[in-house]
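Participant: My questions will all concern the structure given below.
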Amino acid sequence: MSLKSELHTHVASLRRYALVLTRDTVAADDLVQETLVKAIAKADTFQPGTDLRPWLFRILHNTHISDLRRAKTRADAAADLPEPIARECQHTQLELKQVLGALDQLPEAQRVPIILIALREMSYAEAARSLDVPLGTFMSRLARGREALRRIVQGVASGKLKLMQRKEGGA
Amino acid sequence: MTTANNSDPTLDIDLMAYVDGTLPPEKMAEVEARLARDAEARDAVAHWRHFDNLIHDAARAADTQPANLRIEALERQLAQKLQRRRWRAMLLGPGLRQIAASVVLFAAGWGAHALYDRGPSLTGAAYPGFVGQTLAGHYAYTHAAHQRAEFGAEDMDEALVWLSDQMQQRIDSPALERLGYQAESARLIMVDETPVAVFYYRNPEGEQVTVSITPRGAAEPDYTLRAVRVQDDRLAYWSSDRLHYTVVASGTNATITTLAAAVQR
């Protein structure tokens, strides 16, 4: 694969990652643009022969973290994503909102590994390099994050069920 | 079930690998047996996979977004910078000695160069010294010390007259316009007192082509057209009666051959 096609593939991946991070298509593209501008400025630090994808994802991740710290954009962002192309039923949309809402409750260190692996474009080792953390740390954060996500979602579902039961019982 | 806080974290890793499809086959039976007897583990795996699918599909929504011209432009710009970075690393890395030796030996005479060419080459394909000079010309942007003169696209006619005078031979335009490329500039660089005329072209997609022309000494061999790959780029080189030519471009063998044929015409 030529460098141009390789880069094109990675930029498409960056847009996907940015979309899940920002929940907004305009903000996602802004983040990707900012990432590419920084990558251009840092191109001389890239080591030819090493993997380009973790390098780009690391820049995007750091840019996103800086943005969050600077403007707390995630707190202001709407929790809506564009319609997923494969699952368009309302139920799935609700589930997606629920999962994204639960993701927001996780610490950044646990949230990001879950998203990176869900993209299915990187191995654990590549994803760990993207975040500049040791593989063991990455795996630990992923495990804890996934389990915490499950607990939160199940807690939410259980809370809704109890609420419905109370309403039915009171009716 | 085994969780991250469990005393056997290895199995958590195995469960995650199972969900992510990276579990080694030799561990598959062990994990499936565990899932068969552990309802909590089954529930965790099902949820993790489900969340993963939801996030994956949400991310895929980015693929349906319209193209972003600013991103595309930045992508092209980054590709060019990384390409230059690769070239520079190649020139300054293990290949530097060969390139430098190639240029020096070119000046020293083709017989010595022929001896040099028997050594290991940069990419597995040996090539003559004027190719090394072209690589230097390809990076004239960043190695301005080599540069003696530069002409813009609007001064190409003047450039050809001046370059012909400097080379003491007629230098014709590479005329890649017929393939949709536009001349961007022409330069004269000196490498060990050898003049090299370098022409830079670019097409509407931003793809750059570098053509170099340098005098061929009377004792130097006559090279028939040859194309070689260097990293992601291709080189084509050949000789005429009095000149050596080199073309550098990205793309396939067919691309470089077409470009070379256009220059030869």
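A short reminder: the numbers here are calculations on the coordinates, not readings from a lab. Everything quoted here is computed from the prediction, not taken from an experiment. Reconstructed Cβ throughout: ideal geometry from the backbone, glycine too, with neighbour counts over all protein chains shown.
Participant: Under a cut-off of 19 Å between alpha-carbon atoms, report the aspartates and glutamates in cross-link reach of A:Lys38, not counting same-chain residues fewer than 8 places apart.
Facilitator: Result set, ordered by chain and number: A:Glu6, A:Asp29, A:Asp30, A:Asp51, A:Asp67, A:Asp132, B:Glu72, B:Glu75.
Participant: Here's something else I'd like to know. Taking the Cα centre of region A:1-45 as the origin and placing charges on Cβ (Lys, Arg +1; Asp, Glu -1), which of A:Ser13, A:Leu36, A:Val26 is farthest toward the positive end of the dipole?
Facilitator: Result: A:Ser13, furthest along the dipole toward the positive end.
Participant: For B:Asp241 and B:Gln65 in the same chain, what is the full-extension length gain: residue separation times 0.36 nm, less their Cα-Cα distance, in nm?
Facilitator: Working it through step by step, the gained length comes to 57.9 nm.
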